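For reference, the structure discussed in these notes is given below.
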Amino acid sequence: MANLLIKDAKYVVTVDPKRRVIRDGAVAVEGMEIVEVGKSSELKRKYPRAETIDAKNKIVMPGLFDCHAHSYQNMIRGMAFVLPRRQRGAFLLGPTLRLQGVYTPEDAKASMALNCLEYIKSGVVGFCDWGINLRYKIDGLAEVVRDSGIRGVLGKSVMEYPDYGSCKNVIDPGLIEDKDECIRDTIRAIKKWHGKADGRIQVWFGPRSVGALSVETYKEIARLVKQYKVGITYHLAELGELDTGFIWNTYGMSPMEFMKSVGWVGPNVSFNHCLYLTGIDFKILMETGTNVVHCPGTGFDTRVQDMLQMGINVALGCDGGHETNDVFLAMKLEKTLQNRIPRRDLTILYPEKLIEMATINGARALMWHRESGSIEKGKRADMILVNLNKPSLTPMLNPVHDLPSRVLGSDVDTVIVNGKILMENRVVKTLDEDRVIEEARRRAEEVRERAGYEIEWHWPEI
Ligand SMILES: [Zn+2]
């Protein structure tokens with residue numbers, strides 16, 4: 001039985017264990033699940049009564065994962081960079097934190113809706129949000145994810161001190177939280193939302209970066225993560241001296257030695273960035289199956305190839321407000337940046353690797369690899385259709401090579417998650433696109449005014 005048949009695809013790029021690419025392919029779906037993947041002629045005969053999606057001149061591939069997001073920053077992205085110098089202050093992240101510090105729960109919800117809308121429109125089927133503050137109220141955000149139809153890991157903030165690495169008292173007063181309240185609310189949210197919406201929502205710990213927690217709290221979180229069988233998303237070794245140097249100076253250990261000492265290792269732990277790690281750190285990541293989320297838009301890591309070669313699971317992230325939510329763009333950035341390394345070994349970072357990082361590695365980093373990240377019988381139907389009827393995608397002789405090089409999120413035509421069609425022919429079915437954009441636009445202005453920020457123009461605005 002199948003109720004949905006995606007037929008006549010130019011190619012189905014499965015990312016299954018054999019990495020099969022099926023020319024003239026089709027995928028049959030029953031309810032939430034993929035029941036068969038094969039040649040279109042055969043599946044059309046087998047499932048004549050299924051509703052069909054015509055994938056002529058389209059590529060069918062697994063949906064993408066953005067494994068490091070800041071949903072609440074989407075609505076204010078770019079704002080911190082256009083402030084007058086006098087309002088910017090000395091601390092790089094100061095304006096972003098201040099803007100977030102005046103958010104209402106409704107602002108956070110509007111930003112999450114914008115986030116989910118952008119994901120659907122660019123072929124992202126799942127994401128991992130870090131640092132959800134108490135003031136955003138996680139229940140409203142979970143409702144938006146539930147209604148949008150995509151997958152979301154909601155990483156709940158925990159904070160003990162308002163410090164960031166060696167920078168003291170830099171967290172905006174509006175974002176300061178009480179540690180015990182953070183933990184209580186995280187446990188409450190786990191009980192209410194983890195595994196809900198047919199498994200599309202997870203609640204993890206997404207504590208503030210080094211400097212914000214005592215060693216006891218790191219260990220307490222490790223115990224809770226084990227008890228509630230959830231995960232951790234965390235910024236690690238992102239900024240050099242400020243955070244990596246802080247770990248060495250404070251604990252006398254390398255970043256991963258410290259994380260191992262507090263119990264923050266394993267397949268349910270995802271470390272974002274990881275730019276200043278060394279050999280001992282890689283060894284621990286490899287031995288413990290801990291995930292790395294690389295965000296090429298906000299920090300270039302020359303060691304990605306080394307990590308992949310060692311067998312470390314490296315996924316991709318867009319890092320929220322800094323960039324767009326387009327994981328195809330992240331693939332392109334990564335490809336371009338890696339090509340600039342003189343010692344590069346092209347056999348390691350083939351385009352195939354980039355597709356894996358954006359699909360199956362991403363699903364693995366978010367503990368969804370048993371149900372998503374590839375197109376296989378028995379997995380949930382999480383897939384996207386890329387429209388090849390575009391000048392920029394003509395000709396396409398080898399889709400695997402060309403997907404990371406030339407496709408952009410805007411080339412995605414159709415998005416299916418858990419067997420449900422979220423977007424067809426670029427029309428989003430689960431969110432009211434105009435309303436989401438209009439509300440985000442209005443609230444962004446209100447947030448800026450509430451924070452007391454002006455916009456600086458270098459050219460005359462007339
Ligand atoms: Zn980040």
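Values quoted throughout were computed directly from the atomic coordinates according to the rules given, and no laboratory measurement underlies them. Computed from a prediction, not measured in an experiment: that's the story for all the values here.
Of the beta bridges DSSP finds with both residues in the range 64-365, what % are antiparallel, to the nearest 5?
Values: 1 of 27 bridges.
Restricted to the range 64-365, the bridges split so that about 5 percent are antiparallel.
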HN-Hα couplings for the range 50-58 via Karplus (6.51, -1.76, 1.60; θ = phi - 60°), in whole Hz with x for Gly/Pro, come out as 5, 5, 10, 10, 7, 10, 4, 6, 10
Of the listed pairs LYS196/LYS226; LYS137/LYS229; LYS18/LYS420; LYS58/LYS229, those with alpha carbons more than 31 Å apart are LYS58/LYS229
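What 222 nm value per residue comes from the helices of the chain, counting each DSSP H run with n ≥ 4 as -39,500 (n - 2.57) and dividing by all residues, nearest 500 deg cm²/dmol?
On the way: 17 runs with 165 residues, N = 462.
Computed ellipticity for the chain at 222 nm equals -10500 deg cm²/dmol.
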Kirkwood-based Rg/Rh on the Cα set of the range 350-436 evaluates to 0.99
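So if I average 1/r over every pair of distinct C-alpha atoms in the chain and take the inverse, what Kirkwood radius in Å does that give? Walk me through the intermediate numbers first.
Values: mean 1/r = 0.0445 Å⁻¹.
Mean inverse Cα-Cα distance, inverted, gives 22.5 Å.
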Amide H neighbours of SER157 at under 5 Å, excluding residues fewer than 5 places away on the same chain, with H built from the backbone geometry, are GLY131, ILE132, ASN133, GLY206
